[in-house]
């Protein structure tokens, strides 16, 4: 009789544990995914997690992601993919624009950081620059990469900024007129 009670107890505990272990496969970002970047098997990995009531807010790994899926905000490496962060359009109407820089970026500037962009217009003699003016305030960095000089050394950096249509004319004019552009980290971090 004692052996039957022990077997029944063990079977009951195993059954209870199996019912409470309700993990589901979900997608997480294999690396940082920036705004507009295509989301596919190369950018995702699968993990089993227990989400309970919030499961419907994240991309499930029970089926393949749609072929035209893109990020509409920054998704950090290792994060679950919120459904609100995928689809391909930034909810704030921002667009990524690449800016070439000749100076080093501050170490603290990474993808997702908020920065200000300053521009100094080229002077009349083409060797001097005017007083710097702030073109953009508290814009988000969506991508960073080094510019390769071809001889093994870097010749600068390209920073991709998320800008609105209102910000484009001044920024495009500065780029076209070869203004000296400088990125300054904005520790406040919130757009005004």
Looks like region 23-85, by Cα gyration tensor root eigenvalues a ≥ b ≥ c and the a/c under 1.5 rounded cutoff (else prolate when a/b is bigger than b/c, oblate otherwise), is prolate
Relative contact order, percent, the chain [alpha-carbon distance under 8 Å, six or more residues apart] | 20
Quickly estimate the mean residue ellipticity at 222 nm for the chain, helices only: each DSSP H run with n ≥ 4 gives -39500 (n - 2.57), and the total goes over all residues, rounded to 500.
-> -4500 deg cm²/dmol
Treat the count of other C-beta atoms within 10 Å as a stand-in for reagent exposure and order 50, 114, 122 from fewest to most.
-> 50, 122, 114
One quarter of the C-alpha convex hull surface, i.e. the mean projected area of the chain in nm², amounts to 17.4
Among 129, 27, which comes first, then next, by fewest other beta-carbon atoms within 10 Å?
-> 129, 27
Give the shape of region 95-185 as rounded, prolate or oblate, defined through the alpha-carbon gyration tensor: a ≥ b ≥ c are the square roots of its eigenvalues, a/c under 1.5 means rounded, and otherwise the shape is prolate if a/b is larger than b/c and oblate if not.
-> oblate
Alpha-carbon centroids, region 43-68 and region 98-152: separation in whole Å = 37
Helix 2-20: angle to the longest alpha-carbon principal axis of the chain, degrees 0 to 90, nearest 10?
-> 30
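Coordinate-derived values only; no laboratory data. Small disclaimer: the values here were computed from a predicted structure and weren't measured. As a convention, Cβ positions derive from the backbone with ideal geometry for all residues, glycine included, and neighbour counts pool all protein chains shown.
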